[in-house]
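Please read the structure below before turning to the comments.
The values are calculated or read from the model by the stated rules, or taken from the named source; none is laboratory data. All of these numbers come straight from a predicted model, not from anything done at the bench. In this analysis, Cβ positions are derived from the backbone assuming ideal geometry, glycine residues included, and neighbour counts consider all displayed protein chains. Areas reflect the complete protein model, heavy atoms only, side chains present, ligands, DNA and RNA absent. Shrake-Rupley method; radii C 1.70, N 1.55, O 1.52, S 1.80 Å.
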Amino acid sequence: MKVQNKTDYLTGKASDNALLNEDEIRYLLEIPYNSLDAGYIMACANQLTRQACDGKAEVHAQVGMNLSPCPRNCLFCAFAEVNKIFTGKTELPVEEVVALARRAEAEGANALFFMATGDYPFERYIEYSHEVRRTLKPETVMVANVGDFTDRGARDLKDAGYSGIYHAVRLGEGRDTKIKPETRLRTFEVAKDAGLKLGTCVEPVGPEHTVDELLEKIIVGRDANPCYSGAARRISIPGCDLEKFGMINELHMAYIVAVTRLAMGLDIIGNCTHEPNVLGAAAGANLFWAEAGANPRDTNAETSEGRGLGVTVCRKLFAEADFEVLNGPSIIYGSNDSISLDTEITETATVPAPDAEL
Ligand code: SF4
């Protein structure tokens with residue numbers, strides 16, 4: 001058995017840190033994920049990730065601060081009002097947010113994410129963030145996982161002690177969500193201007209997404225020069241409109257993780273996948289998330305009792321994939337100085353409330 005010459009050429013090109021063009025990424029995405037060539041590509045992605053991150057994986061921990069039926073109605077989200085999973089609002093008191101953050105910090109999380117839903121007041125998010133920041137070690141990396149914000153909001157996040165954000169132009173953005181892709185891109189830009197680093201991802205991937213859609217989102221992410229990209233599958237929310245499409249399996253997701261690794265180039269050192277799994281790490285993922293509190297992929301209001309894994313479990317999954325996990329603050333969120341934005345933006349800034357991301 002032998003892989004195709006073109007597969008061999010493209011993996012070699014990526015190893016030389018030469019950026020693959022769109023046709024080349026398309027070729028990779030079109031390869032069947034359970035083929036010999038796909039296996040070779042996943043093994044190459046594993047090697048490239050180890051090279052990019054000096055063999056160190058990271059576990060970041062997310063605290064979901066509230067849950068609420070969200071009027072943005074992203075169809076893949078458990079918080080979407082239309083999905084009728086959560087009918088009432090609940091919110092963690094700041095003491096609980098602090099306790100969850102400190103626990104994750106003590107367990108060795110390399111960065112802490114704070115997530116809130118669409119109708120959570122931005123001022124309160126900032127206020128809580130200052131309070132949490134005061135209780136954490138000065139070197140602990142904080143990342144904001146909120147919705148689209150203005151330049152003023154970006155500066156407030158920076159002043160509250162955040163190193164970066166998680167943000168994405170999601171698959172089906174503007175079709176399966178009520179948010180325009182341009183709004184997401186504008187948030188990339190204002191975050192960059194405030195000195196916040198961007199982590200992004202090709203998500204949430206479902207069986208119905210075409211090669212063209214995956215390719216577009218890989219390129220959008222790459223053009224933003226993030227500190228990491230990667231890929232994550234959609235988790236079906238019971239009763240939601242997208243449930244009829246089902247879910248891709250872990251092997252399929254791992255293959256998209258591998259193609260994203262090859263497409264990003266070695267200067268983007270992080271490559272995430274979610275939810276955490278060994279196959280994804282073996283295909284080149286070096287970033288997992290632990291989760292506590294609310295979770296947009298879970299119907300359990302406290303995800304640590306549902307789908308969410310803890311920091312220790314995530315570290316163990318990386319160990320099973322023969323990855324060493326970094327001890328100390330995230331290198332990924334320290335890996336570039338700012339976000340560069342090459343993608344054209346056609347919409348002027350809007351001022352929506354913060355919201356939660358997957
Ligand atoms: S993903 Fe965010 S904006 Fe969309 S429904 Fe969920 S909480 Fe609201």
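I need the full set of residues from the stretch 40-92 which are within 9 Å of the ligand (Cβ to nearest atom), under 20 Å from the mean Cα position of the chain (by Cα) and in a loop (DSSP other than H, G, I, E, B), in order please.
ARG72, ASN73, CYS74, LEU75, PHE76, CYS77, ALA78, PHE79
Out of the residues in the stretch 152-173 that are under 20 Å from SER229 (Cβ atoms) and assigned to a loop (DSSP other than H, G, I, E, B), which is nearest to the ligand (Cβ to nearest atom)?
The initial filter retains those residues of the stretch 152-173 that are under 20 Å from SER229 (Cβ atoms), namely 162-173.
If we keep only those that are assigned to a loop (DSSP other than H, G, I, E, B) too, we end up with 167-173.
Numbers: HIS167: 11, ALA168: 10, VAL169: 13, ARG170: 8, LEU171: 12, GLY172: 11, GLU173: 10 Å.
Among residues in the stretch 152-173 that are under 20 Å from SER229 (Cβ atoms) and assigned to a loop (DSSP other than H, G, I, E, B), the one nearest to the ligand (Cβ to nearest atom) is ARG170.
ASP119: closer than 24 Å to LEU326 by Cβ, open to solvent by 10 Å² or more (accessible area, probe 1.4 Å) and part of a loop (DSSP other than H, G, I, E, B), yes or no?
The answer is no for ASP119.
Would you confirm whether or not the stretch 189-201 contains a residue that is more than 30 Å from PRO32 (Cα to Cα), in a strand (DSSP E or B) and either among the charged types (D, E, K, R) or touching a residue at least 12 places away in the same chain (Cβ under 8 Å) (or both)?
yes
Of the residues GLU107, GLU131, GLU127, only one is more than 16 Å from the ligand (Cβ to nearest atom), under 26 Å from LEU287 (Cβ atoms) and surrounded by fewer than 24 Cβ atoms within 10 Å (Cβ to Cβ); which? So that I can check it myself, show each step before the final result.
Working: GLU131 fails: under 26 Å from LEU287 (Cβ atoms); GLU127 fails: under 26 Å from LEU287 (Cβ atoms).
Matching residue, one of GLU107, GLU131, GLU127: GLU107.
Considering only residues that are of a type in the set (Lys, Arg) and in a loop (DSSP other than H, G, I, E, B), which ones fall in the stretch 223-259? Walk me through it before giving the result.
Taking the stretch 223-259 first, the residues of a type in the set (Lys, Arg) are 233-234, 244.
Within the stretch 223-259, just ARG234 meets the criteria.
Are any of the residues in the stretch 221-233 within 16 Å of the ligand (Cβ to nearest atom), in contact with a helix residue (DSSP H, G or I) (Cβ under 9 Å, 6 or more places away or on another chain) and under 27 Å from ASN21 (Cβ atoms)? Steps first, please.
Of the residues in the stretch 221-233, the ones within 16 Å of the ligand (Cβ to nearest atom) are 232-233.
Those left that are additionally in contact with a helix residue (DSSP H, G or I) (Cβ under 9 Å, 6 or more places away or on another chain): 232-233.
So of that shortlist, the ones also under 27 Å from ASN21 (Cβ atoms) come out as 232-233.
Checked against the condition, which is being within 16 Å of the ligand (Cβ to nearest atom), in contact with a helix residue (DSSP H, G or I) (Cβ under 9 Å, 6 or more places away or on another chain) and under 27 Å from ASN21 (Cβ atoms), the stretch 221-233 yields at least one hit.
State yes or no: is SER129 of a type in the set (Ser, Thr, Tyr) and more than 23 Å from LYS178 (Cβ to Cβ)?
Values: of a type in the set (Ser, Thr, Tyr): yes; more than 23 Å from LYS178 (Cβ to Cβ): yes.
When the stated conditions are applied, SER129 passes them.
Could we say that LEU266 is in a loop (DSSP other than H, G, I, E, B) and open to solvent by 10 Å² or more (accessible area, probe 1.4 Å) here? Show your work before the answer.
Working: in a loop (DSSP other than H, G, I, E, B): yes; open to solvent by 10 Å² or more (accessible area, probe 1.4 Å): yes.
Yes.
Restricting attention to the stretch 19-34, which residues are under 12 Å from LEU262 (Cα atoms), part of a loop (DSSP other than H, G, I, E, B) and without any contact (Cβ under 8 Å) to a residue 24 or more places away in the chain?
Scanning the stretch 19-34 gives a single hit, ASN21.
Might you check whether a residue that is farther than 18 Å from PHE114 by Cα, crowded, with 24+ Cβ neighbours inside 10 Å, in contact with a Gly (Cβ under 8 Å, 6 or more places away or on another chain) and among the hydrophobic types (A, V, I, L, M, F, W, C) occurs anywhere in the stretch 179-199?
Scanning the stretch 179-199 turns up no residue that is farther than 18 Å from PHE114 by Cα, crowded, with 24+ Cβ neighbours inside 10 Å, in contact with a Gly (Cβ under 8 Å, 6 or more places away or on another chain) and among the hydrophobic types (A, V, I, L, M, F, W, C).
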